[in-house]
Amino acid sequence: MAEQTPPPRAGARALLAGATETVLPGTDGSGEIRRTVLPGGIRVITEAMPSVRSVTLGVWVGVGSRDEGPESAGASHYLEHLLFKGTARRSALDISASIEAVGGEINAFTTKEYTCYYARVLDADLPLAADVVTDVVAAALIRPEDVESERGVILEEIAMTDDDPGDVVHDEFALALFGDSPLGRPIAGTVQSVKALTRNQIAEHYHRHYTGPNLVVAAAGNLDHDRVVELIYEAFQRSTSTTDSHLLLDPALTPSGPRNLASTAPSGAGTRLINRKTEQAHLVLGMPGVHRTDDRRWALGVLAAVLGGGMSSRLFQEVREKRGLAYSVYSYASQYADAGAFGVYAGCQPKKLREVIDLCRAEIANLVKTGITESELALGIGQLRGGMVLGLEDTGSRMSRLGKGELVYGEHLSVDAVLDLIAGVTLDDVRAVTADLLTASPAVAVIGPYKDPSAFIS
């Protein structure tokens, strides 16, 4: 039998009604988006999707690896593991089994700037999902024995990542671009930092960052906003009543706005070489990009699509189709609160890497010199618009859009508004962002059977 949760107490809806607003009316094919701010600053935001029979609910926390110093590197990711190890009301098995017993899924992920805990269930099981996920976030025990047992799991996860050079090369590129800074370090930390983390360090990180103003609860699917608010409010009350470590519903706390982090300037055109006897060499080269709310991000997205966004892109045609030098080659843009990166990835036979690097550099130089064509502009715009809409066809992607919009962007644009912004990109916009970004000397990361990093600098 599925775990049952008690119904909300009478009066909760009346208590919270004054803190609710409609963010978007849902007139462009999306559902209505509404937001309520709970006492203590927790924000609850929902999108109604009456045509589906599922709900995805996530609790977003405004903390990630860039909030850590060298002495606490990996703490945010460590917490992602530890919060599933048990609360005062549930064991680790109870947490997973309660959701799996109703056919749902529960999971979490950590990034450089935020952490998310989420569950996807049938709409009828939303009360259970709300209770379990909030309990995990609000009432983790962080027992010393769990810290030690999970340390081994995390070290195995790091080892698994290290065995995949296609993953490692991206971490090395971040280090080449941002240096030994929070944005340059790997999200999971290093073997040395994870081994050194203590229970007290991790618990302090938890209590400092998992506070009301730093939390957003996002839910999308077949739901009623007021009902979700009641469920979340009551669930946090139940969880915080079992521990004195949190004051998540303290009315004295006030909601926080978008994160305002100190600027992280890229360290420059660094070069990172990992000498490994691999069957395939892995390359990332790139430059500083734009921050998350920079108006140029739409033009940069079009540029990335044209350069390496699909089978018709310049890099794919030149590197793979015409010359057969690589199986995988693409470009991408990453954005953070105050910084960004633009990169090109390629994987090829080690003896062909020099030729691949030269081709990637030549395509970038050609873009700087001549720009893109009208037909490429149309292709890039179409690719971005279609990819965005097709990526919003399920409750999980809608929930993620809500959570990131509230926590990291501080705004909610309608789908139509975003489509219009993409459609409004001009050739001049793309030329300008190309001149702004792609003229810089690139940072380079390479993994393969090489010993001399200077061979890849020019």
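For M388 and E145, the difference between the fully extended length at 0.36 nm per residue and the C-alpha to C-alpha distance is 83.1 nm.
Ellipticity at 222 nm from helices only: DSSP H runs of n ≥ 4 in the chain, each -39500 (n - 2.57), divided by the residue count, give -12000 deg cm²/dmol.
Is there a pair in K112/K451; K351/K451; K85/K112 whose C-alpha atoms are over 19 Å apart, and which pairs would that be? Beyond 19 Å between Cα atoms: K112/K451; K85/K112.
Between the stretch 138-168 and the stretch 410-458, how many Å separate their Cα centres? For the stretch 138-168 versus the stretch 410-458, the Cα centre distance is 32 Å.
Applying 0.36 nm per residue to the separation of Q237 and S51 and subtracting their alpha-carbon distance, the gain on full extension is 63.8 nm.
Spin-label model, T278/R89: points 7 Å from Cα along the beta carbon direction are separated by 4.6 nm.
Could you check the spin-label model distance between D436 and K195? Points 7 Å from the Cα along Cα→Cβ, value in nm. Roughly 4.4 nm, to one decimal. For E47, the residues whose modelled amide H falls within less than 5 Å of its own, excluding neighbours fewer than 5 places apart on the same chain, are A219, A220, G221. Within the chain, the longest segment free of exposed loop sites, counting GluC sites (Glu not before Pro) that fall outside DSSP classes H, G, I, E and B and have at most 12 other Cβ atoms within 10 Å, spans 1-278.
Farthest toward the positive end of the dipole of the chain, out of G41, L197, Q317, is the Cα of Q317, where the dipole comes from beta carbon charges about the Cα centre. Among (1) -0.45, -0.58, -0.73, -0.90; (2) -0.61, -0.77, -0.94, -1.09; (3) -0.51, -0.65, -0.80, -0.95, which one is log10 I(q)/I(0) by the Debye sum over Cα atoms at q = 0.08, 0.09, 0.10, 0.11 Å⁻¹ computed from these coordinates? Evaluating log10 I(q)/I(0) by the Debye sum over Cα atoms at q = 0.08, 0.09, 0.10, 0.11 Å⁻¹ on these atoms matches (3).
FRET efficiency for the Y409 to E32 pair, using the beta carbon distance and R₀ = 22 Å, is estimated at 0.70. Computed extension length for D180-L427: 85.3 nm, one decimal, from 0.36 nm per residue of separation with the Cα-Cα distance subtracted.
All of the numbers you see were taken from the coordinates with simple rules; none came from a lab. Since the model is a prediction, treat every value here as computed from it, not as a measurement. All Cβ positions, even for glycine, are placed from backbone atoms using ideal geometry, and neighbour counts span all protein chains on display.
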